[in-house]
Amino acid sequence: MRWVTYRSSDGSERCGLVQGNKILGHTPGMTLLDVLRSGEGLEAAAALVTSNPAEIVDLAWADLLAPIPVPPSVRDFAAFERHVAGAAGGTISQVWYDEPIFHFSNPAAIRGPRDDVPVPAATTAWDYEVEVAAVIADDCSDLDPATAEDHIAGYVVYCDWSARDLFAREMGFVFGPSKSKDAATSLGPYLVTPDELEPHRSGKGYKLAMNGYVNGELYGGGGWDEIHWSFGELLAHASRDTTLRAGDIIASGPVGTGCILELAGRRDYLAPGDTVRVEVEQLGAVEARIVAKGDTRVPEMKISRSILIAAPAAAVFDVIADPHRHHHFDGSGTVAGTITGPARLTLGAEFSVSMVLFDVPYEVTNTVVEYEENRRIAWAHPGRHRWRYELEEAEGGTLVTETCDFTTSPQGERVAGSAWGRRDAEAIEKTLPRLKALVENGRLPGRP
């Protein structure tokens, strides 16, 4: 099962079960933490929302929050040997091999899978960490490593944002990290139950990739199966002489090369304007735009880019108005193909498109809401934002402007102001050159 926490159109926060491209919503105000604390378990909750969902929401444009927005506690271990060696210059203390070591993080600083992350004013070395975390299913104490994983409700992608310069100073005293790990932690997008991962079981973990990207470029990562301390061992240590609560977060620490710290000066630390994507195979990804502290800029509600295509407007329009060709020139990487739709779009026409988001395939049905032959066409997404193409005669051909218009969506300001808005801008910048090549040459670059 895959569970999410999201903000409904009525403003309430609630959990929901992901099925295909839909979220089957629980009752208003019922969170994942409430479900876990009830003792009924996720299986019973799944049966309830499957038979009688309070609402059904499109996953693609749901306002996703962290699966557990305010956990009772957060413990972050350092369970990957390659990371510990890389961060320590190759020398690892015997203490690390004797027992797993963790620090506490701030439960009040949890951010969702698409939320912006501000750089704290006191740091000039802001970093991400590629991690995975377990969510505790029930209250438990003094667990046995062999059976401790039975108390895991599911796993989430975990990004521990870290101020490396503050960390270096704080570690000079016996208390360990404090303000260097206090500002933000990103979780999500899903809580994935352990049975979903069991086919990938390998060693002490799972044969699943864990990677970090900055501005679309792979910086580093590794495999979950490289983990030195299993989650059973982490839970057993964390629960010794104390009680773990339902909803507690137990994080692995970064996979080897899963942070800029390990790249030894080969990469700059993060700065406002950067976009970071932390991805764990089968669990999805969190993606955050790095912003300056106190950044209150008004989001760009209409994201537009233009390109000159050396062809008549009618030739360009013919390609755009054929929904079965959209996946040929899409630059977002999310459009897999058209499932149903007419050979040529007109006002009011509907067409369904197969998509992939956070490793989950789904489909959306769009409706053409603006149409002027050879000049303008726009379709409304289920999220009620619009994708628009405008064509204008120009010297040397046709000036084509593509726009993602969030002004028509009730969630437009939040989505446009998140990493999603930047993703759409980048998608347009990649789409238009592909459209140009397809119209001018009849094919995409590098294809016969």
Among Met301, Met30, Met171, determine the one that fluctuates most according to a GNM of the chain built with springs between C-alpha atoms less than 10 Å apart.
-> Met171
Given a cut-off of under 8 Å on Cα pairs at least six residues apart, what relative contact order in percent is computed for region 2-64?
-> 37
Which angle from 0 to 90°, rounded to the nearest 10, does the C-alpha axis of helix 419-441 make with the longest principal axis of the chain?
-> 40
Would you mind computing the Rg to Rh ratio of region 2-64 from its alpha-carbon coordinates, Kirkwood style for Rh?
-> 0.92
What's the angle, to the nearest 10 degrees (0 to 90), between helix 41-51's Cα axis and the longest principal axis of the chain?
-> 20
Could you work out the relative contact order of the chain, using alpha carbon pairs under 8 angstrom and six or more residues apart, expressed as a whole percent?
-> 16
Just round it to a whole percent: the fraction of Cα-Cα distances in the chain exceeding 37 Å.
-> 30
Place the peptides 231-244, 325-338 in order of packing, highest mean first, counting for every residue the other Cβ atoms within 10 Å and averaging per peptide.
-> 231-244, 325-338
Please work out how many pairs of lysine residues in the chain are eight or more positions apart (or on different chains) and have Cα atoms closer than 29 angstrom.
-> 10
For region 1-128 the mean separation of alpha carbon contacts under 8 Å (6+ apart) over residue count, i.e. relative contact order in percent, is 22
Take peptides 183-193, 61-71, 138-148, 216-226 and line them up by average Cβ neighbours within 10 Å, highest first, as a rough protection proxy.
-> 183-193, 61-71, 216-226, 138-148
Please report the Cα spread of region 143-246 along all three principal axes, rounded to whole Å, starting with the longest.
-> 42, 40, 23
Seen from all sides and averaged, what is the projected area of the convex hull of the Cα atoms in region 302-441, in nm²?
-> 7.7
Expressed as a whole number of Å, what is the distance separating the alpha-carbon centroids of region 1-50 and region 224-278?
-> 26
Helix-only [θ]222 nm of the chain, DSSP H runs n ≥ 4, -39500 (n - 2.57) each, per residue, nearest 500 | -5500 deg cm²/dmol
Compute from the Cα atoms of region 66-213 the Rg and the Dmax, the latter being the longest Cα-Cα distance, and quote both in angstrom.
-> 16.0, 44
At the level of C-alpha centres, the distance separating region 133-189 and region 324-393, in angstrom, is 41
tail above 20 Å in the computed P(r) of region 146-204, as % of all Cα-Cα pairs, reads 50
Taking every eigenvalue of the Cα gyration tensor of region 17-129, multiplying by 5 and rooting it, what semi-axes result, largest first, whole Å?
-> 37, 19, 14
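Every number here is computed from the coordinates shown, using simple stated rules; none is lab data. Owing to the predicted nature of the structure, the values given are computational and were not obtained by experimental measurement. Methodologically, a virtual Cβ is constructed for each residue, glycine included, from the backbone with ideal geometry; neighbour enumeration extends over all protein chains shown.
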